[in-house]
Amino acid sequence: MSVLRKLAINEELLNSVRLIRAGLGQYQGLDLANDFYHLHILVLASGFERIMKVALALAHMAKTGSLDAAIPRTHDLVKLRKRVIRECFPLVKGSGCLDRMKELDQDDVEKVFRVLGDFGKQGRYYDLNTIQDEANP
């Protein structure tokens with residue numbers, strides 16, 4: 001693997017963690033006076049999407065020796081999560097990480113990913129879509 005690709009993976013992982021931390025930190029600041037949640041959800045969704053795609057790329061590389069065509073084009077967090085569980089979890093068997101990673105395999109986590117993903121597909125442009133629908137009945 002080229003140095004450029006290694007640096008890109010490192011940067012993507014760092015950005016993913018930063019996005020997730022920023023989204024969670026901003027989310028804690030919401031209250032009745034500040035109900036602007038739009039940015040927090042987008043940041044969280046982007047962080048989780050990026051970290052799952054890197055995990056899938058690394059799993060693909062571990063299996064095939066190549067990163068070519070390793071990153072899925074989907075933005076569906078629920079589908080990505082299911083692929084991570086199916087393709088990445090077996091690779092860490094016996095490493096001690098699996099027990100911690102199994103926490104991701106819970107219905108509550110899937111619900112959170114579904115909300116984040118649905119917001120990305122529908123909520124972030126809700127007002128613009130409403131304007132467009134009203135303009136073109």
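The values are calculated or read from the model by the stated rules, or taken from the named source; none is laboratory data. Just so we're clear, the structure is a prediction, and the values are computed from it rather than from any experiment. Positions of Cβ are generated from backbone atoms using ideal geometry, with glycine treated the same way; all protein chains shown enter the neighbour counts. Note: areas computed on protein heavy atoms with side chains; ligands, DNA, RNA excluded. Shrake-Rupley method; radii C 1.70, N 1.55, O 1.52, S 1.80 Å.
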Tell me the residue from Leu42, Leu58, Leu32, Leu67 that is at pLDDT 70 or above, of a type outside the set (D, E, K, R) and under 12 Å from the mean Cα position of the chain (by Cα), please. Leu42
Flag for Ala69 being surrounded by 17 or more Cβ atoms within 10 Å (Cβ to Cβ), out of contact with any His (no Cβ under 7 Å at 6 or more places or on another chain) and over 24 Å from Lys111 (Cβ atoms): no
Scan segment 19-26 and tell me whether some residue there is farther than 25 Å from Ile85 by Cα and free of Cβ contacts under 8 Å to residues at least 40 places away in the same chain. yes
Failed condition for Gly120, given (1) over 25 Å from Leu4 (Cβ atoms); (2) modelled with pLDDT of 80 or more; (3) of a type outside the set (Phe, Trp, Tyr); (4) within 12 Å of the chain's Cα centre (by Cα), with all others met? (2)
Residues located in segment 1-57, provided they are among the small types (Gly, Ala, Ser), open to solvent by less than 50 Å² (accessible area, probe 1.4 Å) and farther than 17 Å from Val109 by Cα: Ser16, Ala22, Gly25, Gly29, Ala55, Ala57
